[in-house]
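Okay, so here's the structure we're looking at.
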Amino acid sequence: MTTPLTCRNYIDGQWLTATAGATLDSCNPANKREVIATFPRSAAADVEAAVVAARQAYQSWRLVPAPARAEYIFKVGEVLSKYKEELAQLICREMGKPLAEARGDVQEGIDCAFYSAAEGRRLFGQTTPSEMPNKFAMTVRMPIGVCALITPWNFPVAIPCWKAMPALVCGNTVILKPAEDTPACATKLVEIFVEAGLPPGVINLVHGVGEEVGKALVSHPDIDLVSFTGSSETGAEVGSICGRTHKRVCLEMGGKNAQIVMEDADLELALDGAVWGAFGTAGQRCTATSRLILHRDIKEKFTTMLKERTSKLRLGAGSDPNTEIGPIINERQLQRVSKYLDIAYAEGAKILIGGEIATEGELQQGYFFQPTILDKVTPQMRVAQEEIFGPVVVLIEVNSFEEAIAILNTTKYGLSSSIYTRDINRAFTAMRDIEAGITYINGPTIGAEVHLPFGGVKQTGNGHREAGTTALDIFTEWKTVYVDFSGSLQRAQIDNRE
Ligand code: UN1
């Protein structure tokens, strides 16, 4: 065990304790007795200081030319690359995912830095003819102001990066409120932004509890935009406060992602996809595969293959190179996953493998859940409808391609989706008919890349897409500019008509 880190807030270029002085701890989910970091339990006064700093910094940051703002973010990418291994080790200890996945989390941040930095030399608008002579018409992207970024623990580096980086390139200033479970990862990340030389007040960090800090940020009248990734329940609250206070809000919430396996699929390939999609990151991705929709002709064979492969998965601490499945983030989530197994049992689902909290040997020191497959699941059961956010996948049998698509679409969510088939016509039909923000053909439901839009339909989101060029639509507003160089008053819709 190492000495716990001391995390501070970062406000107006200074590392500060919370005004009230209270602190909280984060711990290693693979070893609950190991405290990773102590962090400030901030309150409204700390939020206030951060908002004032961010507002002040916005006045000059918005006037820094976008390519110059982007150069700071490019530098962040370079510094992040330098600390990739150190940060990955920290993610592994504080969040629990296996080291290879933790490196991927940081790499997603690095990719996002270089991609966002390049956008600083684009930020394209349009020019278009005016209906009047000697008049010029164009659109330009304008920053929005001060952005509150509320981020989850499951991708403690990638998600703050894909919110903060485009926001800053676009000329906004930001206040990051990271999840209570991963304050050390957020602190190290902000240190990296600081080392890259961002001016004071441009990026601020306020640690604390969602109910306190998150709520204070979302309700603050001087916050212009809230970008939130987390549960649908909290997202609904965030959305309603932003609605009442007329803030722009971008919500990324739950998923109940499905992978379809048709009878003509390459079953080995579909198996690799299913295991990675369902059990990677211990199922704690909003893109995780939590339903497998299996054609009846391959259902039995595929289920046997899946059970066999799942039985061999190795649980353990993320830092152990043999580990394939790390811990659940905390006690509350572990109990939540466990509760879904009671629900599954009561609903008549059959537990094929797993189904319990894992306690063998060293696993009892952490929050581990056995990789679990539930069979005999019908589409309307709660375990087929609600997000579990753990290593639990349900099997649903179907008789046809049409039924598979219909069942895939029968949830309130629509983030990621996948189909394994060798039939090109089915693949294109699925691309058209699946109700989801992301569809993979012959690939698992996880693994989005930063230069493509990320987000979901229905109750997964509220119409925005993070990452890709669509991130610019979140963090800018359009201004339409008309330049009349005729030297006289030209009345649109009147003077150019008989
Ligand atoms: C999330 O789970 O919130 O596509 C993000 C993926 C990752 C991002 C997941 N690149 O699985």
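The values are calculated or read from the model by the stated rules, or taken from the named source; none is laboratory data. The structure displayed is predicted, hence computed values, not measured ones. Here the Cβ positions follow ideal geometry from the backbone for every residue, glycine too, while neighbour counts run over all protein chains shown. Quick note on the areas: whole protein, heavy atoms, side chains included, nothing else; ligands and nucleic acids left out. Shrake-Rupley method; radii C 1.70, N 1.55, O 1.52, S 1.80 Å.
Residues in the range 53-68 that are touching a residue at least 24 places away in the same chain (Cβ under 8 Å) and either under 30 Å from Lys215 (Cβ atoms) or surrounded by 24 or more Cβ atoms within 10 Å (Cβ to Cβ) (or both): Ala53, Ala54, Arg55, Gln56, Ala57, Tyr58, Ser60, Trp61, Arg62. Residues that are in contact (Cβ under 8 Å) with a residue 40 or more places away in the chain and open to solvent by less than 40 Å² (accessible area, probe 1.4 Å) within the range 451-468 comprise Phe454, Gly455, Gly456, Thr460, Gly461, Glu466, Ala467, listed in sequence order. Scanning the range 127-169 for residues that are of a type in the set (Gly, Ala, Ser) and in contact with a strand residue (DSSP E or B) (Cβ under 8 Å, 6 or more places away or on another chain) yields Ser130, Ala137, Gly145, Ala148, Ala164, Ala167.
Among the residues making up the range 349-391, those that are in contact with a Ser or Thr (Cβ under 8 Å, 6 or more places away or on another chain), more than 21 Å from Arg314 (Cβ to Cβ) and not hydrophobic (A, V, I, L, M, F, W, C) are Asp375, Pro379, Gln380, Gln385, Glu387. Ser417 meets all of the listed conditions (1) open to solvent by less than 20 Å² (accessible area, probe 1.4 Å); (2) within 15 Å of the ligand (Cβ to nearest atom); (3) in a loop (DSSP other than H, G, I, E, B) but one, namely (3). Scanning the range 141-174 for residues that are polar (S, T, N, Q) and touching a Pro at 6+ places or on another chain (Cβ under 7 Å), we see that the one that is farthest from the ligand (Cβ to nearest atom) is Asn172. No other residue among Ala436, Ala492, Ala406 is closer than 29 Å to Phe302 by Cα and more than 16 Å from the ligand (Cβ to nearest atom) apart from Ala406. Working only within the range 343-358, note down all residues that are open to solvent by 80 Å² or more (accessible area, probe 1.4 Å) and under 28 Å from Glu180 (Cα atoms). Result: Glu356, single match. Filtered by the rule that a residue be within 12 Å of the ligand (Cβ to nearest atom), touching a Phe, Trp or Tyr at 6+ places or on another chain (Cβ under 7 Å) and part of a strand (DSSP E or B), the range 442-479 gives a lone residue, Glu466.
Screening the candidates Leu123, Leu80 for the property of being crowded, with 17+ Cβ neighbours inside 10 Å, touching a residue at least 60 places away in the same chain (Cβ under 8 Å) and under 21 Å from the mean Cα position of the chain (by Cα) yields one hit, Leu80.
Among residues of the range 435-450 that are within 16 Å of Arg422 (Cα to Cα), those with a beta-carbon under 9 Å from a residue that is within 12 Å of the ligand (Cβ to nearest atom) and open to solvent by 30 Å² or more (accessible area, probe 1.4 Å) at least six positions away or on a different chain give the pairs Tyr440/Gly447; Pro444/Trp276. Suppose we keep only residues that are among the polar types (S, T, N, Q) and assigned to a strand (DSSP E or B) within the range 285-306. Which one would you say is nearest to the ligand (Cβ to nearest atom)? The qualifying residue nearest to the ligand (Cβ to nearest atom) is Thr289. From the list Ala448, Ala384, Ala471, the one residue that fits, being buried (at least 16 other Cβ atoms within 10 Å of the Cβ), closer than 30 Å to Gly239 by Cα and in the same structural domain as Cys242 (by TED's automatic domain parsing), is Ala471. Please tell me if Phe136 is among the aromatic types (Phe, Trp, Tyr), within 16 Å of the ligand (Cβ to nearest atom) and either open to solvent by less than 30 Å² (accessible area, probe 1.4 Å) or farther than 18 Å from Pro453 by Cα (or both). So Phe136 does not fit the description; no. For the range 256-264, the criterion of being under 18 Å from Glu211 (Cβ atoms) and either open to solvent by 10 Å² or more (accessible area, probe 1.4 Å) or not small (Gly, Ala, Ser) (or both) is met by no residue.
Of the helices (runs of 4 or more DSSP H) lying entirely inside the range 185-284, the ones with 1 or more residues being under 19 Å from the mean Cα position of the chain (by Cα), within 16 Å of the ligand (Cβ to nearest atom) and modelled with pLDDT under 95 are found at 232-244. Among the candidates Arg309, Arg332, the residue that is open to solvent by 60 Å² or more (accessible area, probe 1.4 Å), over 26 Å from Val261 (Cα atoms), in a helix (DSSP H, G or I) and of a type in the set (D, E, K, R) is uniquely Arg332. The residue pairs whose first member lies in the range 22-39 and is under 11 Å from Glu94 (Cβ atoms), whose second member is open to solvent by 20 Å² or more (accessible area, probe 1.4 Å) and among the basic types (Lys, Arg), and whose beta carbons are closer than 7 Å, counting only pairs six or more residues apart or on different chains, are Asn28/Arg93; Ile36/Arg93.
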